C-alpha cells in the first residue's frame with residue numbers, strides 16, 4: 001500500500017502539538033518506547049547532521065542503531081533507518097497498519113500524522129530489538145511526539161534561531177522554552193550555538209531538572225592528506241559533511257559519543273569514532289550532484305540561519321577560488337510561511353541570477369510576490385525569472401551557462417530538493 005494514502009486520514013489534524021494522544025497510543029501498543037534506549041536531538045538547524053554522525057559511529061561500533069529523522073527527501077521510508085539502511089516499504093506499511101488499527105479503534109481524539117508515524121517508529125525499533133535509537137525532534141520539543149521520558153540517555157540541542165514562530169512563539173525565548181522541553185531529569189544535555197537571549201531559559205530548565213549540562217564550542221578545522229578534518233579538545237576526526245557549521249555539529253556528536261562511552265557503550269573507541277565520523281552521509285544539505293553536464297549544489301536553506309550557512313559556503317567558493325565566476329545562479333522555491341526577506345538578504349548578491357520556482361505539492365510562496373521582494377532587496381540582480389518547475393528552470397540555464405565556472409544552487413526548501421532528487425533519474 002502507498003504510505004501517503006495510509007497516512008492521509010491523519011493529515012487533517014495538521015500540527016496539533018500535545019503529548020496526551022501519543023502517550024495514549026503508545027500505551028495501547030504496549031509502550032514499545034520503553035524498550036528502546038535513545039538519544040534525543042533537537043534544535044533549529046543541524047539536527048539531521050548530528051543524527052547522521054551519531055548513527056554512523058554507533059553502527060560502525062557494531063551496535064544495532066535505529067534512526068528517526070524528518071522530513072524525508074524522496075520517500076517516507078528514509079525517515080526510519082536501522083544501521084543507516086532505510087526500512088523497506090512493506091515493513092513500514094505493516095507497522096503503520098498495526099498503529100492505525102489501534103488509532104481508529106480508539107474513541108479519543110484522532111492522532112496527527114506525525115504522532116501515528118512516530119508511534120510506528122517506536123514499535124518498529126522495539127520489534128527490531130535495536131540496541132539504541134537516535135531520535136530527531138519533529139517540531140519544537142516540549143510537546144513533540146518524539147518526547148517520551150524514558151529511557152532517554154542524553155539530549156542534544158544543536159542550535160537555536162527563530163523558526164516555526166507561528167506555532168512555537170514569536171521570540172527566541174519562546175522557542176527556547178519549547179526546545180528545552182526535551183531535557184530529562186538528571187540526564188546530560190549538550191548544547192551548541194545558543195543565542196545569549198535564550199541561554200537563561202535553558203539554564204533555568206537545567207537547574208530545575210538537575211541535568212549535567214555541556215556547552216560545546218565548535219571544533220577547529222584541520223586537514224589530513226588534503227582532506228578536511230577537525231579537532232575537538234585534542235581529538236581529531238575526519239569531516240565527511242561540508243560547511244563550516246559542521247565544526248559545531250560534529251563537535252556536539254563527538255561530545256555525545258564520549259558521554260555514551262562513559263555510560264557503558266564501550267565499543268565507542270577513538271578509532272571507531274574516527275571511522276564512523278568519516279562515513280557519515282546526510283543528503284540534501286550542501287550536496288553536489290551532476291545534472292547533465294551541469295554540476296549543481298543542493299541545500300534546503302529553508303530558514304534565515306540555514307541560508308546564512310549556505311551563503312558562507314557559496315560566497316566563500318566564489319570569492320576564494322578561481323574555479324568559479326564571481327556571481328551565483330540561484331534556483332529557489334520557498335514555502336509561503338518562511339521568512340523570505342531574510343533568506344534573500346543572506347543569499348543574493350549584485351550580479352547574481354535568480355530563477356524562482358514553486359515547491360510542488362506544498363503551500364508554496366507566490367512567485368510574483370517573491371520576485372518583487374527579491375528586486376527590492378537586491379536591485380543589482382542580473383536577472384529574476386519565474387518558472388513553473390525547477391527542471392524547466394535548469395534546462396533554461398543550458399542555453400546561457402556556456403561557462404563551466406558558473407555556480408548554480410538549488411535551494412529554499414527541503415521539499416524542493418526532494419522533488420528534484422526524485423525526478424533526477426527521470427530527467428536524465
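The values are calculated or read from the model by the stated rules, or taken from the named source; none is laboratory data. In this text, all values refer to a predicted model and were calculated from it rather than measured experimentally. Positions of Cβ are backbone-derived with ideal geometry, glycine not excepted, and every protein chain shown enters the neighbour counts.
For the range 325-405, please list each of the helices (runs of 4 or more DSSP H) lying entirely inside it that holds at least 3 residues being modelled with pLDDT of 95 or more, under 24 Å from residue 308 (Cβ atoms) and in contact with a strand residue (DSSP E or B) (Cβ under 6 Å, 6 or more places away or on another chain).
Working: elements: 340-347, 367-377, 390-397.
Once the helices (runs of 4 or more DSSP H) in the range 325-405 are filtered for at least 3 residues that are modelled with pLDDT of 95 or more, under 24 Å from residue 308 (Cβ atoms) and in contact with a strand residue (DSSP E or B) (Cβ under 6 Å, 6 or more places away or on another chain), what remains is 367-377.
In this entry, residue 364 passes the filter for residues that are free of Cβ contacts under 8 Å to residues at least 60 places away in the same chain, closer than 26 Å to residue 76 by Cβ and assigned by TED's automatic domain parsing to the domain that holds residue 296.
Of note, residue 318 satisfies the criterion of being over 21 Å from residue 424 (Cβ atoms), crowded, with 16+ Cβ neighbours inside 10 Å, in contact with a strand residue (DSSP E or B) (Cβ under 9 Å, 6 or more places away or on another chain) and in contact (Cβ under 8 Å) with a residue 12 or more places away in the chain.
Determine whether residue 58 is buried (at least 18 other Cβ atoms within 10 Å of the Cβ) and assigned by TED's automatic domain parsing to the domain that holds residue 189. Criteria met by residue 58.
The set of residues in the range 29-56 being under 20 Å from residue 151 (Cβ atoms) and touching a helix residue (DSSP H, G or I) at 6+ places or on another chain (Cβ under 7 Å) consists of 29, 32, 33, 35, 36, 39, 40, 41, 42, 50, 54.
Against the numbered list (1) surrounded by 21 or more Cβ atoms within 10 Å (Cβ to Cβ); (2) assigned to a helix (DSSP H, G or I); (3) modelled with pLDDT under 95, residue 123 comes up short only at (3). Among (1) outside any helix (DSSP H, G or I); (2) surrounded by 13 or more Cβ atoms within 10 Å (Cβ to Cβ), which single condition is residue 417 missing? Among (1) outside any helix (DSSP H, G or I); (2) surrounded by 13 or more Cβ atoms within 10 Å (Cβ to Cβ), the lone unmet condition for residue 417 is (1).
Can you tell me which residue among 196, 148 is closer than 17 Å to residue 39 by Cα and more than 19 Å from the chain's Cα centre (by Cα)?
Numbers: 196 fails: closer than 17 Å to residue 39 by Cα.
Residue meeting the stated conditions: 148.
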